[in-house]
Amino acid sequence: MKAIFAEASRVLFAKQIEDIVMSTPVADIHTHLYDPAFGDLLLWGIDDLLVYHYLVAEAFRYFDLPYEKFWALSKTEQADLIWDALFIQHSPISEACRGVLTTLHALGLDVKRRDLPALRHWFAGQKVEHHVTRCMELAGVNTICMSNSPFDDLERPVWEKGFPRDDRFTAALRIDPLLLWWPETAPKLAKWGYKVTASHPAKTVFSEVRRFLADWTKQMNAYYLMVSIPPDFEFPSRNISSKLIEEAVLPHCREFGLPLALMPGVKRAVNPELELAGDGVGLSNLTIVQNLCVQYPENKFLVTALARESQHELCVLARKFRNLHIFGCWWFTNVPVIIEEMTRMRLELLGLSFTPQHSDARVLDQIVYKWQHSRRIIAWVLVEKYSDLAKTGWQPTRAEIERDIKDLFGGAFERFCGK
Ligand code: HDL
Ligand code: ZN
């Protein structure tokens, strides 16, 4: 009898934790989505789901056609080829394929009919404003942080014209071109009125870069600055990237009280023929994170690393530096096998002072599957962790579990950002 009661209470305890994880609203702190005011920059619907660069990469493993022939096709024609290769000719078992189906199913669409024209017909009848609200409700997402670049020729004019913000969409100031491609970027800043030409003394250049960062931080009301960096990025170093970080970016972040988000490990254009799908992963030297945290204790650093092999070192660094907040299972680590490993590792090494996930969604509808899939895994791991806790005689209350999960789903991030 006692064993039955114990099993029943274990099942109830697990159900309670799962319900809290599946229902707690989450702040999605890194995406490539846009406030609907940006119009077509906000991607949504079945064809954008199918031509997502994750699926392009997987589909090309089955294609014989030359890359340029694929890129010359319309989005619908590309989607047709990807649907046939990854969903009809082969079971859609990969995480990105399954994700499309999770989303369609959550939207109430009948995927077993395998009827792509019918799916297109349904999406054609949707209105984007309503679809944004519906996807956020299905995903349990209450705020979406964009990746906003003044260097994007389609995005910049929308900011310059101004628009009424949808307060569900926050902004992150993305500065890869500034830090990684200075020779091409400096002339753009000069064209925009910042004195950064080679004839200006370095001191002027750095203060003008700070003025540029300040202008856009205010324009966007940016929550943080962000840059993705290659595996061989070094800091400190004598190169301009390192000098711009030291003399402009970090002082700017201190002045505005903003974190700098670093995303190490991207090998851009490993296969350029795949365009956006062509980036790869490399093992990063995370000593750059250690150097930044120790040399700039007044600055705050958000970090997510791309290589699976970097995760343990990053966790240990987060134990050493309270000005480091690690987040997400980024890109190639955003698959169940690694999400579970990373979440378990972080809970065991850091407790609750990290942010387990972001969606990195590029297509609005993706937040539905990215969050449903991740919530399920985070719940599994937390059931085990809270059960282990209960075995010590420490019974976590519902209120304490709700508090903890609110922290994991944006609370710890908000406090770290000083919001
Ligand atoms: O640099 C980044 O923010 C990455 O997330 C890239 O945008 C990448 O293409 C991506 O979408 N990963 O999920
Ligand atoms: Zn991203």
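Annotations for the structure displayed:
- The label point for residue 126 and the one for residue 93, both projected 7 Å from the Cα toward the Cβ, are 2.8 nm apart.
- Principal axis box of the stretch 209-313, alpha-carbon based, largest edge first, Å: 38, 30, 25
- ³J(HN,Hα), Karplus 6.51/-1.76/1.60, whole Hz, each residue of the stretch 316-332, x for Gly, Pro: 5, 4, 5, 5, 8, 10, 6, 8, 10, 10, 9, 8, x, 10, 7, 6, 6
- For the stretch 65-109, the equivalent ellipsoid derived from the alpha-carbon gyration tensor has semi-axes of 23, 12, 8 Å in decreasing order.
- Spatially, the stretch 152-193 and the stretch 365-404 are offset by 38 Å when compared through their Cα centroids.
- Kirkwood radius and radius of gyration were both taken over the C-alpha atoms of the stretch 292-410, and their ratio Rg/Rh is 0.98.
- Additional length obtainable on full extension of the chain from residue 40 to residue 72, 0.36 nm per residue less Cα span: 9.5 nm
- Spin-label model distance (nm) - residue 110 vs residue 168, 7 Å beyond Cα toward Cβ: 2.9 nm
- Length gained on full extension, residue 287 to residue 153: 44.8 nm, using 0.36 nm per residue less the C-alpha separation.
- Listed residue (143, 93, 106) projecting farthest to the positive dipole end of the stretch 69-228, Cβ model: 143
- Each of 23, 50, 316 was scored by the projection of its Cα onto the charge dipole of the chain, and the greatest displacement toward the positive side belongs to 316; charges sit on the C-beta of Lys, Arg, Asp and Glu.
- Most to least packed among 153-164, 201-212 [average Cβ atoms within 10 Å]: 201-212, 153-164
- Segments 126-132, 2-8, 254-260, 95-101 sorted - mean Cβ within 10 Å per residue, highest first: 95-101, 254-260, 126-132, 2-8
- The chain - charge dipole about Cα centre, Lys and Arg +1 at Cβ, Asp and Glu -1, debye rounded to 20: 1040 debye
- Value in Å of the Kirkwood radius, where the stretch 37-135 supplies the Cα pairs that are averaged: 14.2 Å
- Accessible area of the chain divided out per residue, in Å², using a probe of 1.4 angstrom: 45 Å²
- Sites matching chymotrypsin sites (Phe, Trp or Tyr not before Pro) across the stretch 366-419 that sit in DSSP coil, with at most 13 neighbouring C-beta atoms within 10 Å: 394
- Dipole magnitude (debye, nearest 20) for the stretch 372-419, charges at Cβ of Lys, Arg, Asp, Glu: 120 debye
- For the stretch 176-219, the Cα-based Rg and Dmax, in that order, read 9.8, 28 Å.
- For the stretch 242-297, the spread of Cα coordinates along the three principal axes comes to 41, 22, 18 Å, biggest extent given first.
- Dipole-positive endmost among 233, 157, 6 within the chain (Cβ charges, Cα centre): 6
- About its Cα centre, the dipole of the stretch 182-259 is roughly 300 debye, where the only charges are +1 on Lys and Arg Cβ and -1 on Asp and Glu Cβ.
- For the pair residue 192 and residue 312 in one chain, pulling the backbone fully straight at 0.36 nm per residue adds 39.0 nm over the alpha carbon distance.
- Atom-type composition of the exposed protein surface of the stretch 1-118 places 58 percent of the accessible area on carbon and sulfur (1.4 angstrom probe).
- Kirkwood hydrodynamic radius (C-alpha pairs) into Stokes-Einstein, the stretch 144-238, 20 °C and 1.002 mPa s, D in µm²/s: 148 µm²/s
- For the pair residue 238 and residue 335, a Förster radius of 35 Å applied to the C-beta separation gives a FRET efficiency near 0.35, rounded to the nearest 0.05.
- Efficiency of FRET from Cβ geometry, residue 203 and residue 294, R₀ 35 Å, rounded to 0.05: 0.85
- Taking the accessible area of the stretch 267-316, probe 1.4 Å, and keeping the other protein chains in place, the carbon and sulfur fraction comes to 53%.
- The per residue volume of the convex hull around the alpha-carbon atoms of the stretch 11-62 is 161 Å³.
- Volume of the convex hull of the chain (Cα atoms only), normalised per residue: 159 Å³.
- With the simple spin-label model, which puts each label point 7 Å out from Cα in the Cβ direction, the residue 402 to residue 1 separation comes to 3.4 nm.
The values are calculated or read from the model by the stated rules, or taken from the named source; none is laboratory data. Since this is a predicted model, take the numbers as computed values, not measurements. Note: ideal-geometry Cβ built from the backbone for every residue, glycine included; neighbour counts use all protein chains shown. Protein only, heavy atoms only, side chains kept; ligands, DNA and RNA dropped before computing areas. Shrake-Rupley method; radii C 1.70, N 1.55, O 1.52, S 1.80 Å.
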